[in-house]
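Taking it in order: structure first as structure tokens, then the write-up.
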Amino acid sequence: DQQVKQNSPSLSVQEGRISILNCDYTNSMFDYFLWYKKYPAEGPTFLISISSIKDKNEDGRFTVFLNKSAKHLSLHIVPSQPGDSAVYFCAASAVAQGGSEKLVFGKGTKLTVNP
Amino acid sequence: SQTIHQWPATLVQPVGSPLSLECTVEGTSNPNLYWYRQAAGRGLQLLFYSVGIGQISSEVPQNLSASRPQDRQFILSSKKLLLSDSGFYLCAYKTPETGLMSTEAFFGQGTRLTVV
């Protein structure tokens, strides 16, 4: 059961344009959402996050939007740069049994920014 | 400062051999610890998570097990590897939550396991 879905396995954009990566989730108990960026053979690195009580969080070129009613979030990168080319993972967080918190990831979207 | 170490970086093991991957965290106490696997077309799949010494929760039935013998040490093991165990294994930690504030997880550099 895929609780966090990234339906686009890949995305290609031109340098300077906007990149929009989408993510949908099914579990209404998720209360915190994160985006990670991953290069091949490396661990993911945290990019930006948003709490379920907000609908937008901005950090430089990166903005995450959350639509709770639609259970949808998106990551906007503008302007896109070739160095942004990587796999982007959407993750959602919920309190699990025993009070711990676990992160559930989507399958990732490979972003390619063409010069 | 907080750091996470994971080793080895790459590993080639024959089918049926045992496995032990180690992860240690520095600079924080009582972290939540996680093992993830990235396999082709599967994204990042949560395998195990732990909130304390000896406390392990398993997410999916599999040929693997995890242990937490010390507060900042997390070990992923198998008694007999299968071909399907090949993948990129990632250890991660989160600092304990404070109040209502959630935090991000920090990942190690990963271990590329190839079972032949």
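Across the range B:18-25, rounded Karplus estimates of 3J(HN,Hα) from the backbone phi angles (6.51 cos²θ - 1.76 cosθ + 1.60, θ = phi - 60°) give x, 9, 8, 10, 10, 9, 10, 10 Hz, Gly and Pro being marked x. What a 1.4 Å probe finds exposed on the range B:3-115 is 56% carbon and sulfur by accessible area, rounded to a whole percent.
Spatially, the range A:39-115 and the range B:1-22 are offset by 27 Å when compared through their Cα centroids. The residues of chain A expose, per residue, 48 Å² of accessible area to a 1.4 Å probe. For the range B:44-76, a decrease in accessible area of 50 Å² or greater in the assembled protein chains relative to the isolated chain, with a 1.4 Å probe, applies to B:Leu44, B:Tyr49. Taking all C-alpha pairs of the range B:3-115, those more than 24 Å from each other amount to 20 percent.
Accessible area per residue for chain B is 47 Å², calculated with a 1.4 Å probe on protein heavy atoms, without ligands, DNA or RNA. Rounded to whole numbers, the Karplus 3J(HN,Hα) couplings from phi for the range A:5-14 are 10, 10, 7, 9, x, 8, 8, 10, 9, 8 Hz, using 6.51 cos²θ - 1.76 cosθ + 1.60 with θ = phi - 60°, and x at Gly and Pro.
Computed extension gain for A:Phe46 through A:Arg17, at 0.36 nm per residue and net of the alpha carbon distance, reaches 8.2 nm.
Could you tell me what percent of the accessible area of chain A is made up of carbon and sulfur, with a 1.4 Å probe and every protein chain present?
Details: 2690 of 5530 Å².
Carbon and sulfur together cover 49 percent of it.
Computed on protein heavy atoms with a 1.4 Å probe, the accessible areas place B:Glu104, A:Glu15 in the order A:Glu15, B:Glu104, largest first. Using θ = phi - 60° in the Karplus curve 6.51 cos²θ - 1.76 cosθ + 1.60, the 3J(HN,Hα) couplings for the range A:31-40 round to 10, 8, 10, 9, 10, 10, 10, 9, 9, x Hz; x is entered for Gly and Pro.
Interface between chains A and B: roughly 1700 Å² of accessible area buried, both sides summed (probe 1.4 Å, protein heavy atoms only).
Quantify how strongly other chains surround peptide A:29-37 by giving the mean number of their Cβ atoms within 10 Å of each of its Cβ atoms. Please report the intermediate quantities before stating the final value.
On the way: counts 0, 0, 2, 5, 1, 4, 1, 5, 0.
Shielding by partners across A:29-37 averages 2.
The values are calculated or read from the model by the stated rules, or taken from the named source; none is laboratory data. What you see is a predicted model; the values in this text were computed from it and never measured. Positions of Cβ are backbone-derived with ideal geometry, glycine not excepted, and every protein chain shown enters the neighbour counts. The protein model used for the area step is the full one, side chains on, heavy atoms only, and it has no ligands, DNA or RNA in it. Shrake-Rupley method; radii C 1.70, N 1.55, O 1.52, S 1.80 Å.
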